[in-house]
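The values are calculated or read from the model by the stated rules, or taken from the named source; none is laboratory data. Nothing here was measured: the structure is a model prediction, and the numbers come from that model. Cβ placement follows ideal geometry from the backbone for every residue including glycine, while neighbour counts extend to all protein chains displayed.
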Amino acid sequence: MAYDPKTDTTTWSVTAEPCCEAMKRRNGWQLITIRRTNIKDLPVDCVFKGNCQFEKKYMDLTQGDKDDD
């Protein structure tokens, strides 16, 4: 995930274009555009408006990360 404060957009890389629409629906994010990349395993970038991060319930906290909230 890459948030760009200059453009107020977040880019998530995914395996296929339908993943962008699924992320938009599931998280209520505003999808701006879908771009193809040259990365073999993640050939699609989804660009969303704002600083879009997954809810903590989707995060794997089993590797020693602590929920500091």
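Observations, loosely collected:
- Only residues that are out of contact with any helix residue (DSSP H, G or I) (no Cβ under 8 Å at 6 or more places or on another chain), assigned to a strand (DSSP E or B) and free of Cβ contacts under 8 Å to residues at least 24 places away in the same chain were counted in segment 2-56, giving 6.
- K24 being among the basic types (K, R) and modelled with pLDDT of 95 or more: yes
- So D60, is it assigned to a loop (DSSP other than H, G, I, E, B), at pLDDT below 95 and charged (D, E, K, R): yes
- The residues in segment 31-49 that are closer than 14 Å to Y3 by Cα and over 11 Å from the mean Cα position of the chain (by Cα) can be counted, and the count is 1.
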